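Only one structure is covered here, and it is reproduced in the block below.
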Amino acid sequence: CWEDAFCRQVYSRWLAWRYEQAPELARFHRDTHERVLQEFRDLDRQQLKLAAQRIVSRLLERRPRPGLEVHPQSEPGLLQREASKQRRLWPLRRLFARIPTLLPALKPCLLMSPLSVAQYLGEIDPPIEFDLVLFDEASQILPADAIGAIGRAKQVVVMGDDKQLPPTRFFMVSTLDEPMTELEDEAPPESILEACQRVLPKQMLEWHYRSRHEALIACSNRWFYNNKLITFPSPAADDRAVE
């Protein structure tokens, strides 16, 4: 058909012109590009596995070597004795206070609430110092609860969303003489997130990946986050999405 031949000629001339304007397009080959992408994916996954293995190897080097005989009053000896008991076990707070050097060597990463830090690590002297203390959901944490963990940190990362609910006074009612109605009239207490925003550098995490449909976050993105969130179309609900 002459129409097909005409269109083919026009498109061929247009492509030739585009290749002259952008030589990188002329050198582009889809198969080669896809092969490079797949190679990068494979190397990236391999790098993540090797990084995890390297971290584990370095941490294992810091652990004490198990020997045939351990002095009963040494930290490994005290821990072995407690592990062999059937009853009258020491509370964790007391046990941790007796193994201040062994504890971080065996467990360099601790997942604890701020109050648990004070409860279980409060008797260790000198205090254990952590390379990094990370607070998650910091908008829910009172500064008074967080200060003990911050005091043990060389570096602190405070993560949270100041658009979420502040710390609640609901669980404080049982310890106070004030009636609930008076507490409700007061301003909500300040969180550790608000306190740190005044003195620490701030970085917004912009990618929003939780909503299965973009419309679920669109309203909040506009009215609370000034359209700064980067959202992704859902392939299940939008023909424009890329799978």
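The values are calculated or read from the model by the stated rules, or taken from the named source; none is laboratory data. Because the structure is predicted, anything quoted here is derived from the model rather than measured. Note: ideal-geometry Cβ built from the backbone for every residue, glycine included; neighbour counts use all protein chains shown. Ligands, DNA and RNA are stripped out before the accessible areas are found, and what is left, the full protein with its side chains, is counted by its heavy atoms. Shrake-Rupley method; radii C 1.70, N 1.55, O 1.52, S 1.80 Å.
Descriptive notes on the structure:
- Among the residues of region 91-112, those that are open to solvent by less than 40 Å² (accessible area, probe 1.4 Å) and outside any helix (DSSP H, G or I) comprise ILE99, PRO100.
- Among the candidates GLU61, GLU69, residue that is free of Cβ contacts under 8 Å to residues at least 24 places away in the same chain and over 32 Å from the mean Cα position of the chain (by Cα): GLU69
- Qualifying residue in region 173-191 (condition: at pLDDT 75 or above and not in a loop (DSSP other than H, G, I, E, B)): no
- Residues satisfying the stated conditions in region 130-146, i.e. surrounded by 15 or more Cβ atoms within 10 Å (Cβ to Cβ) and either assigned to a helix (DSSP H, G or I) or of a type in the set (Phe, Trp, Tyr) (or both): PHE130, PHE135, ALA138, SER139, GLN140, PRO143, ASP145, ALA146
- Matching residues, region 113-129, being in a helix (DSSP H, G or I) and either more than 24 Å from GLU75 (Cα to Cα) or within 21 Å of the chain's Cα centre (by Cα) (or both): PRO114, LEU115, SER116, VAL117
- Of residues in region 192-219 being within 22 Å of the chain's Cα centre (by Cα) and not in a loop (DSSP other than H, G, I, E, B), the one nearest to VAL156 (Cα to Cα): CYS196
- Among the residues of region 149-172, those that are among the hydrophobic types (A, V, I, L, M, F, W, C) and either in contact with an Asp or Glu (Cβ under 7 Å, 6 or more places away or on another chain) or at pLDDT below 90 (or both) comprise MET159, LEU165, PHE170, PHE171, MET172.
- Filter result (part of a helix (DSSP H, G or I) and surrounded by 14 or more Cβ atoms within 10 Å (Cβ to Cβ)) within region 81-90: GLU82
- Taking the conditions (1) in contact (Cβ under 8 Å) with a residue 12 or more places away in the chain; (2) in contact with a Pro (Cβ under 6 Å, 6 or more places away or on another chain) in turn, ARG98 satisfies each one other than (2).
- When region 33-59 is limited to residues that are of a type outside the set (Gly, Ala, Ser) and under 27 Å from THR101 (Cβ atoms), the one that is surrounded by the most Cβ atoms within 10 Å (Cβ to Cβ) turns out to be LEU59.
- A single entry from ARG8, ARG30, ARG62 fulfils the requirement of being surrounded by 10 or more Cβ atoms within 10 Å (Cβ to Cβ), out of contact with any Leu (no Cβ under 6 Å at 6 or more places or on another chain) and over 30 Å from ARG98 (Cβ atoms): ARG8.
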